[in-house]
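What follows is calculated from the coordinates using simple rules that are stated; it is not laboratory data. Remember, predicted model here, so these are calculated numbers, not experimental data. Counting neighbours? That spans all protein chains shown, and the Cβs are built from the backbone with ideal geometry, glycine included.
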Protein chains: 2
Amino acid sequence: MILTVTLNTALDITYRVRTLRPHASHRVSEVTERPGGKGLNVARVLAALGHEVTVTGFAGGATGRVVQEQLTKTPGVVDALVPVTGATRRTIAVVDDHTGDTTQLNEPGPTITPAEWSAFQESYEDLVTSASAVALCGSLPPGVPVGAYAGLVRAARAAEVPVLLDTSGEALRRGIAARPDIIKPNADELAELTGSHEPLRATQDARRRGARAVVASLGEAGLLALTPEGRWQATPPTRVHGNPTGAGDAAVAGLLSGLVEHMPWPDRLARAAALSAASVVAPVAGEFDQRAYGELLGRVAVTGKVSAA
Amino acid sequence: MILTVTLNTALDITYRVRTLRPHASHRVSEVTERPGGKGLNVARVLAALGHEVTVTGFAGGATGRVVQEQLTKTPGVVDALVPVTGATRRTIAVVDDHTGDTTQLNEPGPTITPAEWSAFQESYEDLVTSASAVALCGSLPPGVPVGAYAGLVRAARAAEVPVLLDTSGEALRRGIAARPDIIKPNADELAELTGSHEPLRATQDARRRGARAVVASLGEAGLLALTPEGRWQATPPTRVHGNPTGAGDAAVAGLLSGLVEHMPWPDRLARAAALSAASVVAPVAGEFDQRAYGELLGRVAVTGKVSAA
């Protein structure tokens, strides 16, 4: 199985309203709810691709219960979330029917106690031994030490399990030093890490900081990958319109599934870019359009060169 | 015990954000949650006044579970909510720290099936026999017949239990014809019922439609009561500033508690007006400031005249 870690899980709620106006009262016409947090989105895409996935991280309170109930109903996904006393956060996306704009309200989420963090680490070290790959995804909740991902990367490497890290800021800076197999920053995260807004230079810098491979997601420009095997750019055939939330998570699922299926890098990148674009056109964040994925897959342009051995 | 009925229960969630801006992403700095719906607010105020209260209505889904868990923790309140398949609605009040303005998002709530409505009626007829008074509060959820309150008023009258109706629109129009002991419309609800924006005339008209007593809540002007015993106006001593949500529910609790304590009408009205003002100054909707209530109670001006027998 593939293990995905989401330390800052959420229940993602989407409200549709006619027009959002501050200080007014709104009747919500449609409510959708789904387990959220980057690692849970990655898990859903992996499961849809036919992989067995185990999800871990934290869940607590009434909202945590809803997240776990909904995960139980997702075929291919096994719930190994660790219970905490605090309540899992909700995020609310208010979609304006008139403009299509989204207004986001994010709850702060629970503070993790030292005992809860220890319980998680113990469970993680146990799970990682039976994983074919690990994805460490998203921000750190309050209470979790800023060097958390470095420790989790080292534990995966000690178990000889490939590990992908997808986070930002100081958590990424610390995590990268523990030498993860892949990191997948977007342009902003890369710039924050390296100080450079030039994608190729920043990607090279990020590799020097310790990542074995860096796959930068550059929005409409697709993916730029620097790996020990070579350097490639994967570009989707057309501009796609829709909701970009979750596009990075779909790319992570593409990279990880390609890794465990022993695909060559160009094929992994084509899959990741096609999944990413197919998630933008899906109506709901964190899902992808299977038909669009099939159509896009053969049309992603992958250019690059293999490294001299 | 006093029985309060809330057919459209809710979980009322309050978010504090720095400034609400459409299309932006917001970090919520504070989350509060409480059982909501008018009858549950009335019940909390009654319990704080020392009365035993039973609450009924509907509860379902994960949100219904949270409402019931929180009710269990409220001393003096007994939960007799009837389970339904649909999910209890959430309401979200987004309070802007900068302006103090509130933006409201209300979920639609579940549709009640005919079997669920029958189960409720059976439970209600059972509960009403041991009640000293009944309050029927708020709007009707989808699926409940528009004449619902008329039937519930008749069942209370058949059991010789005094019944207060606090609703609006067609539910009020139908309910009033079944001759409730008290109705407590606000100015807008009175105008909608009678077509008149002149409070005294509208209150007289509302009485002619079947209510034994009409207590109109007129905001800062206080309460205007037309009863078989006389006509009174109760006016709080000063303008109060704050959150008017729940002020009407506090007034209902004042009227009902005064009724079961056999207080004369002027004392009931003074209590209802003081509670209403003390709920406006409380930081959270559906609560009241005990100290403000104590200070205001002796300073409410009640003027009026007793009817010729």
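List of remarks:
- For region B:129-252, DSSP calls about 50 percent of its internal beta bridges antiparallel.
- For region A:127-143, Karplus couplings with θ = phi - 60° (6.51, -1.76, 1.60), whole Hz, Gly/Pro x: 5, 5, 5, 9, 9, 8, 6, 10, 10, 10, 10, x, 7, 9, x, x, x
- Added length on full extension, which subtracts the Cα-Cα distance from 0.36 nm per residue, residue B:261 to residue B:158: 34.9 nm
- Karplus-derived HN-Hα couplings along region A:111-121 (A = 6.51, B = -1.76, C = 1.60, θ = phi - 60°), whole Hz, x at Gly and Pro: 8, 7, 7, x, 5, 5, 5, 4, 4, 4, 4
- Under the criterion of Cα pairs below 8 Å and six or more residues apart, the relative contact order for chain B equals 14 percent.
- Cross-link partners of residue A:184 among aspartates and glutamates, defined as those whose alpha carbon lies under 12 angstrom from its own and excluding same-chain residues fewer than eight positions apart: A:166, A:249.
- Whole-number percent relative contact order across region A:219-309, with pairs defined as alpha carbons under 8 Å at least 6 apart: 37
- Gain in span if fully extended, residue B:125 to residue B:104, counting 0.36 nm per residue against the direct Cα distance: 4.1 nm
- When A:117, B:232 are arranged by Cβ crowding within 10 Å, least crowded first, meaning fewest neighbours, the order is A:117, B:232.
- Counting only DSSP H runs of at least 4 residues, each contributing -39500 (n - 2.57), and dividing by the residue count of the protein assembly as shown, the helix-based mean residue ellipticity at 222 nm comes to -11500 deg cm²/dmol.
- Selected from B:202, B:67, B:127, residue furthest toward positive end of dipole (region B:64-216; charges at beta carbon): B:202
- For chain B, the dipole from Cβ point charges (+1 on Lys and Arg, -1 on Asp and Glu) about the Cα centre works out to 500 debye, to the nearest 20.
- Distance (nanometres) between label positions extended 7 Å along Cα→Cβ at residue B:241 and residue A:170: 3.9
- Extreme residue, positive dipole direction of chain B, given options B:280, B:307, B:95 (C-beta unit charges): B:307
- Counted residue by residue at 0.36 nm each, then reduced by the alpha carbon distance between them, the extension gain from residue A:208 to residue A:290 reaches 25.9 nm.
- Exposure proxy order (Cβ contacts within 10 Å, fewest to most) of A:194, B:56, B:85: B:85, A:194, B:56
- Dipole moment magnitude, nearest 20 debye, region B:80-191 about Cα centre, only Lys, Arg, Asp, Glu C-beta charged: 380
- Taking label positions 7 Å along the Cα-Cβ direction at both residue B:281 and residue B:27, the computed distance is 3.5 nm, reported to one decimal.
- For region B:1-144, share of DSSP beta bridges that run antiparallel, in % to the nearest 5: 35
- Share antiparallel - DSSP beta bridges, region A:90-202, percent rounded to 5: 45
- In terms of other Cβ atoms within 10 Å, A:88, B:113 run from fewest to most in the order B:113, A:88.
- Think of each Lys and Arg Cβ as +1 and each Asp and Glu Cβ as -1; about the Cα centre, that makes the dipole of the protein assembly as shown roughly 740 debye.
- Shape of chain B, Cα gyration tensor, a/c cut at 1.5: oblate
- Environment charge at residue B:191 (Cβ cut-off 12 Å; Lys +1, Arg +1, Asp -1, Glu -1): -4
- Semi-axis lengths, Å, region B:168-309, gyration tensor of Cα atoms, sqrt of 5 times eigenvalues: 23, 17, 13
- A simple spin-label model places pseudo-atoms 7 Å from Cα toward Cβ; at residue B:111 and residue A:97 they are separated by 1.7 nm.
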